[in-house]
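Written out below as structure tokens is the structure these notes cover.
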Amino acid sequence: MGESEPEQANTGLPPATGAGRARFTVLGLLAIADSTEVAVLQPSKPAALLAALLVRPNTVVSAESLQRVIWGEETPATAKAALQTCVLRLRRLFGKYGISGNTIEAVPGGYRMAADAQTLDLLHFRSLLGRAADAPDLSTELDLLREALALWQLPVLTNVHSDALHLDEVPRLTEDWLRTAERIFDIELALGRCREALAELRPVAHAHPLHERFWEQLIEALNRTGRRAEALAEYRRVKKHLLTELGVDPGPALRRLELDILRGESEPAPRPAGRRPGGAPESTGGAPATGELVLASLVQAGLLEEGPHGQYRMHDLLCAFTRAAAGSRHRAPPEQPADHPVHRTAEHRRGPADRLESPRQAAAPLRTTEV
């Protein structure tokens with residue numbers, strides 16, 4: 001397959017920042033970047049080979065593993081020769097970017113890809129994680145973790161067509177992203193930045209509905225900022241999803257968190273006194289409002305139904321109780337509109353959700369290339 005003419009486009013991938021050194025990216029699209037452009041590899045057998053070597057840098061990857069990545073379970077009889085041909089095609093491509101052909105080293109039993117933190121984003125990411133682990137304080141650790149996560153563009157390796165790679169390696173990489181994001185939110189909450197974290201936590205939790213730790217952090221942040229009704233609503237959301245998708249209840253940590261909120265045992269984070277729009281004094285935290293706990297209990301009992309924007313609709317059963325208590329069995333009350341605001345318990349400032357990453361460098365020119 002010959003090389004195609006480059007297609008110019010823009011991308012969020014930054015160009016290489018070393019002294020003229022090209023680098024590889026696997027924490028997004030498989031690509032080669034230099035100081036002027038980013039070349040995204042088109043799906044091909046050599047691209048799958050390169051990705052398999054890059055996700056295990058400086059490690060011998062057996063020929064059998066590489067063949068499985070490229071051809072799956074139906075390895076052709078000519079696989080050994082075809083694998084060597086893929087390596088030669090990659091080395092020719094590297095030459096166009098000033099990368100030594102010896103970067104892919106043939107060793108007994110397989111191949112090894114030489115890389116460092118300046119030539120591979122995965123190793124740069126791991127280097128930043130190591131520095132974060134040794135940071136002298138939480139603020140420094142947080143800055144380094146955010147810098148590390150800014151290297152990512154999920155989902156990863158979408159331009160590499162290999163079932164084996166996406167089954168074995170991509171989940172391992174994605175787990176690194178999840179653990180790093182968890183730690184970032186843990187630090188934000190530990191530093192009392194609950195309101196700041198919410199803008200990122202909500203979309204991240206909703207994008208990973210089966211990852212319970214994000215939901216714990218989201219519910220905790222909502223509760224600590226006095227938004228208990230929203231916290232309970234998010235608990236019900238994840239509980240419903242887990243039951244629907246997996247047939248299981250939330251884990252012990254989430255269940256304990258819900259119980260603490262209902263009991264009012266989780267103290268909200270302190271916040272400066274202020275005034276709400278309209279001049280009413282703003283609460284500064286403390287014990288949960290009785291009205292909020294009553295509402296939460298009624299929702300849990302199925303007597304109230306929560307609608308959008310903190311609105312509640314009286315359940316038909318509660319309507320019947322109300323009519324009976326008022327002695328109006330023979331006179332039905334006017335029908336309540338479905339969106340009638342029974343009570344509002346939380347402020348809803350739903351601005352655009354921020355992405356969990358630092359601002360990137362200016363987009364570099366991008367082209368696709370065949371190997």
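The values are calculated or read from the model by the stated rules, or taken from the named source; none is laboratory data. These figures come from a predicted structure and were not determined experimentally. Backbone-built Cβ (ideal geometry, glycine too); neighbour counts: all protein chains shown. We work out accessible area using only protein heavy atoms, side chains counted, and drop any ligands, DNA or RNA first. Shrake-Rupley method; radii C 1.70, N 1.55, O 1.52, S 1.80 Å.
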Per the 1/(1 + (r/R0)^6) rule, R0 = 35 Å and r from the Cβ atoms of residue 147 and residue 256, FRET efficiency to 0.05 is 0.55
The answer for region 42-188, accessible area per residue at 1.4 Å probe in Å², is 46 Å²
Once both label points are put 7 Å beyond Cα along the C-beta direction, the residue 263-residue 245 separation in nm becomes 3.0 nm
Straight-line reach check, residue 45, cutoff 17 Å on alpha carbons, 8 or more apart in-chain or any other chain, hits among lysines -> 80
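Subtracting the Cα-Cα distance from 0.36 nm times the residue separation, let me have the gained length for residue 199 to residue 163 in nm, one decimal. Working shown, then result.
Numbers: separation 36, 0.36 × 36 = 12.96 nm, distance 3.47 nm.
Length gained, residue 199 through residue 163: 9.5 nm.
Using a 1.4 angstrom probe on heavy atoms only, work out the carbon and sulfur share of the accessible area of region 81-140 in %. Walk me through the numbers before you get to the answer.
Working: 1550 of 2980 Å².
Its accessible area is 52 percent carbon and sulfur atoms.
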